[in-house]
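A quick write-up on the structure given underneath.
The values are calculated or read from the model by the stated rules, or taken from the named source; none is laboratory data. Just so you know, these numbers come straight off a predicted model, no measurement behind them. Don't worry about glycine lacking a Cβ; one is built from the backbone with ideal geometry, like all the others, and counts go over all protein chains shown. Quick note on the areas: whole protein, heavy atoms, side chains included, nothing else; ligands and nucleic acids left out. Shrake-Rupley method; radii C 1.70, N 1.55, O 1.52, S 1.80 Å.
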Amino acid sequence: MDPYNKHQVSLRGASTKEISREALLEKVSQERELRNYARRATASAIFIQSVWRRYSVTKKVAVQLQEEWVALVNCHASLITGSWISSVILRPFLFFVTCLSTQHQKIQTRDIDCMQKCFKILLDSINSSDSRKNFCSLATGTLQERRTWNYQAKKLISLCSFILAHCDKSHAGSQCIVGLTILALRFLVVLTDLKGWKSLSNDMLRDADTAMKNLLWFMGSCNSHLYMSIRRYIDKLDITYSSQINSTVETDERFLITASAVTLALRPFHITNFDVSSIGQLDMCCAAEQYCLCLLTIPWFIQRLPAFLVPALKHQSILSPCFQIFLIRRYKMLSEMLKMDQSDRHDSQKAIPPIGWALTNIICLATGSENGFVDTLDHPSYVQVVITLAENLLAWVDNVGWVKEKKDLQGNVGTSAAGIDAVLHDNESLNITYMELFRPVCQQWHLMKLLEIAKTGAISCAAANDKKYLGKLELLDIAYFYSYMLRIFSVFNPMVGSLPVLNLLSFTPGYLLNLWGELENSIFPENGHIAEDNCLRTSKSSVNKKDGILDKRQKQTSKDGANKLVYALHKFTGKSQAGPNYTDTVDGQVDEESSDVWTIESLRYVPQGISKDLSCLLHLFCAAYSHLLLVLDDIEFYEKQVPFTLEQQRRIAAMLNTLVYNGLNHDTGHQNRPLMDSAIRCLHMMYERDCRHQFCPPVLWLSPAKRSRPPIAVAARTHEVLSANMRSDESLTVSSLGSVVTTTPHVFPFEERY
C-alpha cells in the first residue's frame, strides 16, 4: 500500500476529498468547542433573561404593593394593633422598600413618604401603653411572634442605617432626606431603649431584656452596617462644627441627627461589662471592634462633633472596652485598618492612613481639655494602644508612606512643576494641622502623670478581670511611647521636627535620671562602676583583713601613679595645677588593663546584637541628652554636676563611644538610623566638652578600638573608596552615619597618625 494513502480517511463517497487523520481530529475538536460555546451562550442568555424577568416582575409587584399599602394605611389608620402592624404594615413595607430603594443603594422620592408614614405609625404604637396596640409587646408574645418581631426589628435597624448613610444636605431634595433621617433615628433610639416601651409589665421584663440584647448585639455586628453608616454621615461634617450653622432650624436638625447617631453608636456598650474572660460576652465585643474600625479612624473625629457630645465618648465605659478589645485583636484590626477603602477621601487626606487618624483620635479622647487625662482612664492600656498604633504608622511610612509618594511625584517627568508644588503644599498643610492633634503628648503634665503611675505600680483595668491580660505601666513602656513620638514628629513635622518632644524629655525633672538608671541596669548587669574596678575587688575581699590591706595599697599605688601622670600633663600643656582636677578619680594610665575597663561588652555587636527594648532606651536617652547638652553650661556640668555626676558622665561617654564605634563597624539598617544619628550627635557633644575641659581619661576614647582598630591608612583609604563609589540612594546613609574615620577619629591614637 502507498504510504501516503495509508494515513488518508475516506469521507462519505467518492466525491469527498480525502484528508489526513490529524486534520480530521482537529476539525472534530473545533466543532465540539463550537457546540460547547453555543451551549454555554444559550444557558447564559436563559439565565440573564430569567434574572431580568424576575427583576421586572418583582419591581412590578413591589410598585403594586406600594400603591395598595398607601391606600390601606390611609383607610385603616384608626384600626392599628401590634399584630396588624407586623403582618399588614411591615411585611409589604419591608418588601417594596428593599426592592425599590435598598437594593439600588438610593432612596427613591416616592419611597420617602411611605417611610415617614411607617415610622410615625411605629412611634405611635411604641408610645402606646396598651399592650394590644404596642408593636414591642410582640417581643414577649408567643414563639412565632417573637421570631417575627426579631426579624422585622433587625430589618428596620438596617433600613435606618441605610437612611443615615444617605443623609447629605448637598444633594437635591436634601430637606426631605433630613426629615426622614430624624424620624428614622428617633424611632431607632426608642426601639433600642427598654424605658421607651410603655406597655411592659414586671413579668415581661426578662423576655424583653433578652430581646433587647439580641437587637443590640445585631447593632454592634457588621451585618447591621450601623457603624459604617455613622462613619459616612460624620465624615460629611465639617471639621469645625459651628461653620455649618446657617440658621436655628438647620442647627437643630443637624444636632438631632448627630446626637442620635452618637447615642446609637454608644448604646451597645451599656449592656455588658465586656469581661473578656467570659466566652458569652465575646460576641458583644464586636461593637467595640466596629467602633474602633469605623469611628476612631475618621479624620478629625472629635473636631467634627459638637462639644456637648464629646464627654460621652471619653467615658471609661467606652474607652476601656475599646482599648481592651484592640489589644486582644490588634493584628486583625490593624490589618483591616490598612485595607480600609479611602476612595471617597480627598487627595490630601489620603496622605494619612486610617491608623494615623486612630492614633490622634485616641490621644484626643484620652486627654481632657483642662490639662489632664480624663477621669478613670486606663493608663497602661492607653499607652500600649498608642505604642501599637504609632509603631504600625511608622512601618506604613517606611513601606508605602507619603515620603515615597513625594519622591515619585518629584521623579515623574509627566507631572508639571505646578501640580507637584500644589500636592506637596496640600500635604504640608495637612501635616501641620495633623500634628496639632499631638499637642497633649508634648505637655509636661502628660509625661509626669505617666511617670507617677509607673512609680506607683498601677495596673490596667483588664487585670481586674483576668490575670492573663494583666498589664502594668513601666518606664520602658513610656520610653517606647516617646521614642515613637520622636520619629513621628520628625517625619510629619519637617519644619519644627521633634523639637517639642525633645524639650519635654530634656527639661522634665528626673526623667533623664530614670532613663539612665534603666540603661545602667541593662548595659551594666553587675550594677557597678566601671571606673572603680579596684573598689569592687576590695568589697569582694573585705572578709579577709590581709587581702583588704593589700588591696588598699594597690589602690593607693594606682592613685599615686595617676596623680603623677596628671601632674606631667599639666606641666607639659602649661595649665595651672591649682585648678580643679576632674580626672583624679579614674585611672589615667593607657595600658591593657585600664583600656578594658572602659570597654562595654554588651554593646560589642550593636545595633543588631542588642534587644529592641535596649535600642529604644538608647535612642530616647541619646536624643534627649544631646538636646540638653546644647544649653547645659560648664558650671552645671562640672561644678553643680546636674543632671549627672562626673562619674556618671564618664560612664555615659564610655557607653556612647562603644555604641557608635561598634555601630559603624556593623551593618546598620534603615530602622536603626534614628538610634545611630542620636548617638553620634550626643557623642560629639560629650567629646567636644571633654576637649574643652577634660573630665574623662584619654584611654576612655581609645578603648573601643583597641582590639579591632584597623591601621589608620587602611581606614582612610577605605572611606575614600566608599565615598567615591556610593550611589545616589546611599548618600543619605553615608552622610548621616559617615565612617569611623570621619565620625570617631578620636579612637586612633595620635602616635599612629602620619
Matching option when the condition is at pLDDT 90 or above and open to solvent by 100 Å² or more (accessible area, probe 1.4 Å), among Arg12, Arg39: Arg39
Residue list for segment 642-690, filter: over 28 Å from Glu391 (Cα atoms), among the polar types (S, T, N, Q) and open to solvent by 20 Å² or more (accessible area, probe 1.4 Å): Thr645, Gln648
Answer from Tyr754, Tyr638 - the residue that is surrounded by fewer than 16 Cβ atoms within 10 Å (Cβ to Cβ) and modelled with pLDDT under 75: Tyr754
Among the candidates Ser131, Ser125, residue that is within 23 Å of Asn214 (Cα to Cα) and at pLDDT below 90: Ser131
All positions within segment 352-391 that are crowded, with 21+ Cβ neighbours inside 10 Å and out of contact with any helix residue (DSSP H, G or I) (no Cβ under 8 Å at 6 or more places or on another chain): Trp357
Condition met for Asp193 (open to solvent by 10 Å² or more (accessible area, probe 1.4 Å), closer than 25 Å to Ala259 by Cβ and not β-branched (Val, Ile, Thr)): yes
Tally, over segment 611-627, of residues that are of a type in the set (S, T, N, Q) and either in contact with a strand residue (DSSP E or B) (Cβ under 7 Å, 6 or more places away or on another chain) or open to solvent by 10 Å² or more (accessible area, probe 1.4 Å) (or both): 2
Out of Val543, Val566, Val496, sole residue that is at pLDDT below 50 and not in a helix (DSSP H, G or I): Val543
Which numbered condition Tyr291 fails, given (1) touching a Leu at 6+ places or on another chain (Cβ under 9 Å); (2) at pLDDT below 95; (3) of a type outside the set (A, V, I, L, M, F, W, C): (2)
1 or more residues touching a residue at least 24 places away in the same chain (Cβ under 8 Å) and touching an Asp or Glu at 6+ places or on another chain (Cβ under 7 Å): qualifying helices (runs of 4 or more DSSP H) within segment 84-193: 91-97, 174-191
Those residues of segment 101-122 which are at pLDDT below 90 and either crowded, with 17+ Cβ neighbours inside 10 Å or small (Gly, Ala, Ser) (or both), in sequence order: Ser101, Thr102, Ile107, Asp111
Flag for Ser137 being crowded, with 19+ Cβ neighbours inside 10 Å and among the small types (Gly, Ala, Ser): yes
Of all residues in segment 152-176 being modelled with pLDDT under 90 and open to solvent by less than 30 Å² (accessible area, probe 1.4 Å), the one that is nearest to Ser229 (Cα to Cα): Cys167
Selection from segment 44-94 of residues that are farther than 25 Å from Glu145 by Cα, surrounded by fewer than 12 Cβ atoms within 10 Å (Cβ to Cβ) and among the aliphatic types (A, V, I, L, M): Ala45, Ile46, Ile48, Val51, Val57, Ala71
Of all residues making up segment 425-451, the number that are among the polar types (S, T, N, Q) and either modelled with pLDDT of 90 or more or touching a Leu at 6+ places or on another chain (Cβ under 6 Å) (or both): 2
Test for Lys59: is it at pLDDT 85 or above and among the basic types (Lys, Arg): yes
Selection from segment 75-108 of residues that are hydroxyl-bearing (Ser, Thr, Tyr) and more than 42 Å from the chain's Cα centre (by Cα): Ser78, Thr81, Ser83, Ser86, Ser87
Test: residue in segment 467-480 that is touching a strand residue (DSSP E or B) at 6+ places or on another chain (Cβ under 9 Å) and at pLDDT below 80: yes
